[in-house]
Amino acid sequence: MRKHFILSTRTLVSKRDVTQSFGPDNTVYVPLAVMEEIEAKYYDQMSERGKIARDTLAYLGSFHIEALKHGVVQKNGSTLKVTTNYNEEEIPQKIRNTECSKLDMRILQTCLGVKKQIPEGEVVVLVSKKDTLRKKAELLGIKAQTFRDELLPEISEQYTGRKTLVVPSSTIHEFREKKSIPVSSVISKDNIKDIYPNMFIEMRCGYESEEGRIFKNNIIGLSSKGYYPYRAIPKNSGQRFMLEALMMDSEIAPLVIIKGPAGTGKTYLSLAAGLDQAIDKRIYPNKIMCSRSTTETGERIGFLPGHEGEKMDPYMRGLRDQLKQLINGNPVRNKKQASNNRSKRKNGYSCQDDDENEKPLYEDGTSFFERGDIQIESIAYIRGRTICDTYIIIDEVQNLTPTVVKTIITRVGTGTKLILMGDPAQIDRADLDERNNGLSYASERMKGDPTCWQITMKQEESVRSELAKRASMLL
């Protein structure tokens, strides 16, 4: 059954070659009013969306307007049309009574006009990211959907990179002895389709458990088990899996994707592994490069003065906090001494000297930045580069678009390891959600690729305070 897709403004600037994303047996319509809106709103933007807008208009401009009115066959076999008519279509009063822009009215008129002209049995579909516009189309009897090419599974159904198996005790003992076991001996043929390269496996039998990963047709033991870079000791299965992926050589694991809630050690372990490999072992000559989305949470703080590094500094304070902990050997106050001091104060004694001994002496890690061991760079300037022999950490990737994430991954050169991390449940951009953000996009598209290692941390694997754990679950 042939479908006729009418594209809205935000749909056209959502990705490159969007008009060729609807199958070879369909027709794609772009109202001329939408082209005008793109030119007015996005053409001069120096963002990724502005670049897509210019490319889209250039592509449409490569055809003569008369050819577009009659229909142009695209490379994928679908037909592309630009519409300039249907402005005589009558919109019901119930729609006119709502807040409806002139552009939205033109799009709805195009939907009604196309519906009247197509053969019986064929379907008109409005493709828009605006919820209200889709609802108005449905009121007119027009099917409506968001752009599904970018739409990924619900967050609970997305790839996690890990699997827990209940096995006999004999299987665990065999694995401990041989450090390897065939996948077919623990997973049935019906479930083998859910197993992907580099997936982490936890085998359990009562109180016994063993951890491994998929390698070819076997489950093998973790190679990093017992190794603690910068004294960063993993406290649960998820962190052990994470450390395994982070410590792998860039030729084996050039891309690591880590998803999970705050407090699960994503930044901490990524930085520990980076310092160990880039600074101590000198595996990455160009050291460590860090960046993150500059999306702000809550109120904006406005423009920041200074050069690129100074502008990025407020966004990287979380990384600096983790660096302090790592280079100072995870210093903590002596709880017993602190308790004694509080007791002294209650009894009227001075404990100034004790307070000084009680507080650890922090080295804030400034020397790492001064020497260039850790470089802070903006994602905005990554286009056109090829980054070699570098350990790259990109945080808060859930606040990046799929197009930007693709740009980042394709900048990776030889000898570079890229870590993408974030929490798809914590998104601070109105145009992104749990299903179409850059982190989820990369996770689902790279699922099963041998160059990509993934791990999704669980809520109960948070290692922050009990208050932080409970707040993340209850608030």
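The values are calculated or read from the model by the stated rules, or taken from the named source; none is laboratory data. Since the model is a prediction, treat every value here as computed from it, not as a measurement. Backbone-built Cβ (ideal geometry, glycine too); neighbour counts: all protein chains shown. Quick note on the areas: whole protein, heavy atoms, side chains included, nothing else; ligands and nucleic acids left out. Shrake-Rupley method; radii C 1.70, N 1.55, O 1.52, S 1.80 Å.
So what's the angle, to the nearest 10 degrees on a 0 to 90 scale, between helix 317-327 and the longest Cα principal axis of the chain?
Helix 317-327 and the main axis of the chain meet at about 30 degrees.
Residue separation times 0.36 nm, minus the C-alpha to C-alpha distance between ILE118 and ASN87: what's the value?
9.4 nm
Just how large is the dipole of region 13-148 about the Cα centre, in debye to the nearest 20, putting +1 at every Lys and Arg Cβ and -1 at every Asp and Glu Cβ?
Value, rounded to 20: 360 debye.
Quick one: pull the percent of accessible area on region 378-475 belonging to carbon and sulfur, 1.4 Å probe, ligands and nucleic acids left out.
In region 378-475, the share of accessible area belonging to carbon and sulfur is 51 percent.
Once you keep just the Cα pairs under 8 angstrom separated by 6 or more residues, what percentage relative contact order results for the chain?
Relative contact order for the chain comes out at 16 percent.
Can you give the accessible area per residue of region 127-179, in Å², using a 1.4 Å probe?
For region 127-179, the per-residue accessible area is 56 Å².
Can you tell which of SER14, PRO24, MET1 lies farthest toward the positive end of the dipole of region 1-56, using +1 and -1 charges on the Cβ of basic and acidic side chains (Lys, Arg; Asp, Glu)?
My answer, from the dipole projection, is MET1.
Express the carbon and sulfur contribution to the solvent-accessible surface of region 70-190 as a percent, rounded to the nearest whole number, probe 1.4 angstrom.
49 percent
Say the dipole of region 57-184 comes from +1 at the beta carbon of Lys and Arg and -1 at that of Asp and Glu; which of THR110, VAL127, LEU165 then lies farthest toward its positive end?
In region 57-184, that residue is LEU165.
Rounded to a whole number, what % of the accessible area of region 209-249 do carbon and sulfur atoms account for, probe 1.4 Å?
50 percent
Once every DSSP H run of n ≥ 4 in the chain is given -39500 (n - 2.57) and the sum is divided by its residues, what mean residue ellipticity at 222 nm do you get, rounded to the nearest 500 deg cm²/dmol?
Result for the chain, helices only: -9500 deg cm²/dmol.
Name the residue from ILE283, TYR43, PRO92 whose Cα lies farthest towards the positive end of the charge dipole of the chain, charges +1 on Cβ of Lys and Arg and -1 on Cβ of Asp and Glu.
The listed residue farthest towards the positive side: PRO92.
Please compare each pair in LYS189/LYS469; LYS81/LYS102; LYS15/LYS115; LYS193/LYS406; LYS3/LYS135 to a cut-off of 29 Å on the Cα-Cα distance and tell me which ones are over it.
Those over the limit are LYS189/LYS469.
Could you derive backbone 3J(HN,Hα) for region 87-97 from the dihedral phi with the Karplus parameters 6.51, -1.76 and 1.60 (θ = phi - 60°), listing whole Hz in sequence and x where the residue is Gly or Pro?
6, 8, 5, 8, 8, x, 4, 5, 7, 5, 6
Which residues' amide hydrogens lie under 5 Å from the amide hydrogen of ARG292, considering only partners 5 or more residues apart or on another chain, with H built in the peptide plane?
ILE379, ASP395
Taking the Cα centre as origin and putting +1 on Lys and Arg beta-carbons and -1 on Asp and Glu beta-carbons, what dipole magnitude results for the chain, to the nearest 20 debye?
Dipole size: approximately 540 debye.
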